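The values are calculated or read from the model by the stated rules, or taken from the named source; none is laboratory data. Values in this document were obtained by computation on a predicted structure and should not be read as measured data. Note: ideal-geometry Cβ built from the backbone for every residue, glycine included; neighbour counts use all protein chains shown. What goes into the accessible areas is simple: the full protein's heavy atoms, side chains included, and nothing from ligands, DNA or RNA. Shrake-Rupley method; radii C 1.70, N 1.55, O 1.52, S 1.80 Å.
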Amino acid sequence: TVIEIEKLGYSYGEGWILNDLSLKIEQGDFVAVIGPNGAGKSTLLRLLAGILKPAQGRIAIFGQDRENFTAWDKIGYVPQNPARQHRAFPISVREVVSLGRLSGGSMFQHYTHEDKAAVDDIIERFSLKELAHRKIGELSGGQQQRVAIARALATDPAVIYFDEPTSALDAEWTDDMHELLRGVAAQGTTMVVVTHALDFARSVSDRVVFMEAGRVVETGDTETFFTSPKTARTR
């Protein structure tokens, strides 16, 4: 088990966003988290990524309580709408992607030949070569989304969380993203994706978690979930 959540609760101060949520995610799972707005999906990802602290309950990552977990370089996280963060960020696309190769978050680390080769490869895979020397804030929302995902994958993470990864992409790049993420998952990376795009969830994930009102209402393998009369309302 890579992630174990027991009776998790979280509140922003006006009622519970998450309440008594329990879930296990196994090594190599590709999990799509779906559900209506306000279900707590993005909050769940922020808790798993260490950005928020649980109000109650327990999260364990690789068998360690989240409070004691230190190997955050094994975890990738792509937030929703990264363009909001990059608007005035005065560094290039290549520099943003390269930040993914910093181990332990050290800004004083020297990049190795292996790091540079990995950055070159990910820039090529995401068709960012012509944009590599442009400032990140000059790019469109869809381009910045691609850069954010490229940076997360440049870390070669064991686990990666995506919050609406295709929301700013055009149709062509959405299809390409399907293929890229399937390829990453095939290498054994555990992936948790929050998405409103049910076609995306159905085509890339092997497991679905349906959330509503801060709880997991239903979970199961993707094919069974989307063909079950019980979950017809989600389709």
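In Å², what does the accessible area per residue of the chain work out to with a 1.4 Å probe?
That works out to 50 Å² per residue.
Work out, step by step, the length gained on full extension between LEU52 and ASP221: first 0.36 nm times the residue separation, then minus their alpha carbon distance; give nm to one decimal.
Details: separation 169, 0.36 × 169 = 60.84 nm, distance 2.84 nm.
Fully extending the segment from LEU52 to ASP221 adds 58.0 nm.
Would you work out the relative contact order for the chain, in percent, from Cα pairs under 8 angstrom that are 6 or more residues apart?
29 percent
Of the options THR227, ALA49, LEU180, report the single residue whose Cα projects farthest towards the positive end of the charge dipole of the chain (beta-carbon charges: Lys, Arg +1; Asp, Glu -1).
Checked the options; the winner is ALA49.
Count the lysine pairs in the chain whose Cα atoms lie under 21 Å apart, taking only pairs 8 or more positions apart in sequence or on different chains.
Count of close lysine pairs: 12.
At 1.4 Å probe size, put LEU21, LEU99 in order of accessible surface, largest to smallest. Kindly include the intermediate steps, with their values, before the conclusion.
Numbers: LEU21 0, LEU99 40 Å².
Largest to smallest exposure gives the sequence LEU99, LEU21.
Rule-of-thumb check for the chain: C-alpha Rg over 2.2 N^0.38 Å?
Ratio of Rg to 2.2 N^0.38 Å for the chain: 1.01.
Have a look at ILE123, ILE91, ILE34 and tell me which one the Gaussian network model of the chain (Cα, springs below 10 Å) gives the largest fluctuation.
ILE91
For segment 17-86, taking Cα atoms only, what is the radius of gyration to one decimal and the Dmax to the nearest whole Å?
Here Rg and the maximum Cα pair distance are 13.0, 35 Å.
Percent of Cα-Cα pairs per 10 Å bin, from 0 to the last occupied bin, for segment 84-218, please list those.
Bins of 10 Å from zero give 11, 40, 34, 13, 2 percent of pairs.
How large a share of the accessible area of segment 157-234, in percent, is made up of carbon and sulfur atoms when the probe is 1.4 Å and the other protein chains stay in place?
Values: 1680 of 3410 Å².
Within segment 157-234, the accessible surface is 49 percent carbon and sulfur.
So what are the three principal axis dimensions of segment 158-202 from its Cα atoms, in whole Å, longest to shortest?
Largest to smallest, the principal-axis extents are 27, 18, 17 Å.
I want to verify a result. In a Gaussian network model of the chain, Cα cutoff 10 Å, which of these has the top mean-square fluctuation: VAL147, VAL194, VAL184?
VAL184
What number, rounded to the nearest 500 deg cm²/dmol, is the helix-based mean residue ellipticity at 222 nm of the chain, given -39500 (n - 2.57) per DSSP H run of at least four residues and division by all its residues?
On the way: 8 runs with 75 residues, N = 235.
Estimated from H runs of four or more residues: -9000 deg cm²/dmol.
Highest GNM mean-square fluctuation, the chain, Cα pairs closer than 10 Å: which of ALA39, ALA55, ALA158?
ALA55
For segment 6-47, with all protein chains present and a 1.4 Å probe, just round the carbon and sulfur fraction of the accessible area to a whole percent.
Reported share for carbon and sulfur atoms: 44 percent.
In µm²/s, what is D for segment 123-198 at 10 °C and 1.306 mPa s, where D = kT/(6 pi eta Rh) by Stokes-Einstein and Rh is the Kirkwood radius from Cα pairs?
122 µm²/s
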